[in-house]
Amino acid sequence: MADGTARSGRLIVVSNRIPKGDVPAGGLVFAIHEALSRSGGLWIGAAKPGTTVEDKLTQIGSGAYDRATFPITKKEHRGHYLGYSNSVLWPLFHHRTDLLSLDSRDFDAYAAVNARVARIVAATAEPEDVIWIQDYHFLMVAQELRKLGVENRIGLFLHIPFPNLSDAMAMPQVGQIGGWLAAHDLVGLQTSRDVTAAQDVLRSDPKAQILNNGSWIREGRVFSVRSFPIGIDAENFAETAARAPVVDLQMAEDAPLLLGVDRLDYSKGLVHRFDAFGMYLQTRAPRDPRPTFLQIAPVSREDVSAYQDIREDLERTAGSTNGAHAELDWTPIRYIRHHVDRDVIAGLYRRADVALVTPLADGMNLVAKEYVAAQDPEDPGVLILSHFAGAAEQMGGAALMVNPFDTRAFAQAIDRAIHMPLAERRERHADLRDGVFRQDIRWWTESFLSRLTQAPRTFERGLRERP
Ligand code: ADQ
């Protein structure tokens with residue numbers, strides 16, 4: 001195998017999103033594309049919601065690997081994607097139980113879609129194929145596959161945080177989580193904090209037991225829960241940033257640029273970030289060059305009401321901060337809601353003096369890593385990072401860490417970042433860059449897949465050993 005993992009079968013990846021045409025660089029979709037390009041195999045994702053469904057894949061691409069979609073109805077999309085995935089699991093896994101919207105019909109749709117995906121995978125998988133399920137949309141697929149008698153190696157990677165036990169208890173299906181996890185051979189999480197949370201949930205499951213080697217056993221099935229912090233294609237991103245088009249931001253030469261790049265999501269802490277910047281503006285030395293904070297945040301999941309609320313909150317905050325501080329020739333906050341091309345973003349990262357990556361909860365946050373990769377090592381900018389980003393576990397030693405809820409301290413961190421001497425910037429950046437380049441996307445894929453392919457087949461042994 002080109003990636004050094006001992007696999008004789010194909011790699012089958014299941015994810016909700018699947019690119020219909022060219023694969024956009026960056027993010028999860030790109031990571032999957034990278035993994036499959038090197039190993040070959042099959043990528044299965046959701047088709048555009050329609051009216052009728054059959055247990056059948058539609059091929060949408062071939063080459064180094066095949067791409068195919070499974071069908072889903074509009075009604076299922078509402079229940080599975082907008083409902084259970086994004087109005088139950090997403091808020092709950094991001095500590096926002098206040099935003100839960102429970103409806104048993106949504107869970108029924110979630111279970112039905114997961115069962116269909118499992119039937120389709122079962123029909124196509126050969127015994128040696130390795131199945132890799134991505135994210136919270138498909139937590140039940142492995143369990144359904146096991147019910148169908150599929151004994152292939154199955155891995156799950158959860159891109160978002162794992163909920164702590166008290167948050168998990170807000171979901172009616174909390175008692176099923178152990179069974180969902182145990183159907184995999186390997187469950188990958190972003191951080192060791194997530195692994196601890198998962199272990200707490202498993203400890204509350206009377207059927208699950210931890211083994212001496214740290215693996216778990218549940219109803220005769222052995223599985224492991226480990227952290228595999230996702231990375232980026234750092235080399236490629238650094239190159240893109242270095243030759244990115246220069247955008248004329250119409251700013252004074254010495255004016256600092258602060259940058260935020262996020263999907264518009266309540267987990268990203270955008271209102272808290274705007275508030276902290278507002279407080280910084282109130283307290284900054286009047287003789288300092290006037291800073292610009294550019295926030296790029298395209299809307300996402302607009303059909304979910306919590307997302308409409310955050311958009312209104314954000315626009316109100318930006319408006320009032322600008323109203324209080326703007327001058328005829330200066331708008332402190334520039335807020336862009338539409339999509340910006342990736343190479344333009346890479347150029348902005350390189351140009352930015354400070355990046356604000358300050359989520360209230362985040363599985364990892366790739367923007368933190370992209371920003372570091374994009375910097376000029378000779379004159380790097382400063383990463384302000386929230387303790388609540390998964391990235392904090394790897395980058396917390398060298399980034400400027402903030403608690404986004406503590407507005408005053410956050411504002412002080414902005415001031416410190418803007419005035420940080422070159423020697424300190426270089427030292428912090430060298431440390432961050434080393435990690436981002438070492439633990440990149442290839443490292444992530446290989447660590448997960450080699451661990452999965454070596455997972456002990458204890459279930460089979462267990463069966464054979466039975467009298
Ligand atoms: P996301 O919540 O989508 O991902 P993130 O890790 O920041 O969050 O990845 C977003 C990606 O989209 C980055 O590559 C970024 O450059 C890009 N992006 C963001 N805003 C953009 C914009 N306006 N225009 C163009 N591109 C933009 C989920 C989890 C994260 C986890 C990832 C990967 O929520 O915690 O890091 O999966 O596992």
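The values are calculated or read from the model by the stated rules, or taken from the named source; none is laboratory data. Keep in mind that what you see is a predicted model, and the values were worked out from it rather than measured. Here the Cβ positions follow ideal geometry from the backbone for every residue, glycine too, while neighbour counts run over all protein chains shown. Remember, those area values only see protein heavy atoms, side chains included, never the ligands or the DNA or RNA. Shrake-Rupley method; radii C 1.70, N 1.55, O 1.52, S 1.80 Å.
Looking at L139, is it surrounded by fewer than 17 Cβ atoms within 10 Å (Cβ to Cβ) and within 25 Å of V195 (Cα to Cα)?
no
Name the residue, out of V225, V201, V150, V187, that is in a helix (DSSP H, G or I) and farther than 21 Å from Y349 by Cβ.
V201
Can you give me the number of residues within the range 284-301 that are among the basic types (K, R) and more than 14 Å from I418 (Cβ to Cβ)?
The qualifying residues number 1.
Only one residue in A318, A297 is at pLDDT 95 or above, open to solvent by less than 50 Å² (accessible area, probe 1.4 Å), within 16 Å of the ligand (Cβ to nearest atom) and within 31 Å of the chain's Cα centre (by Cα), so which one is that?
Only one candidate qualifies: A318.
Of everything in the range 31-88, what is of a type in the set (D, E) and within 22 Å of A112 (Cα to Cα)? Give them in sequence order.
E54, D55, E76
Identify all residues within the range 32-63 that are part of a strand (DSSP E or B), of a type outside the set (V, I, T) and surrounded by 13 or more Cβ atoms within 10 Å (Cβ to Cβ); write none if there are none.
Hits for the range 32-63 are G41, L42, W43, G45, A46, G61.
In the range 330-365, what residues are modelled with pLDDT under 95 and either in contact with a Phe, Trp or Tyr (Cβ under 6 Å, 6 or more places away or on another chain) or of a type in the set (D, E) (or both)?
Residues satisfying the conditions are D341, D343.
I'd like the full set of residues that are assigned to a helix (DSSP H, G or I), open to solvent by 50 Å² or more (accessible area, probe 1.4 Å) and more than 9 Å from the ligand (Cβ to nearest atom), limited to the range 326-368.
D343, R350, R351
Anything in the range 412-438 that is part of a loop (DSSP other than H, G, I, E, B) and farther than 15 Å from A399 by Cβ? List them, or say none.
Hits for the range 412-438 are H419, P421.
So how many residues does the range 232-257 have that are assigned to a loop (DSSP other than H, G, I, E, B), at pLDDT 95 or above and not aliphatic (A, V, I, L, M)?
2
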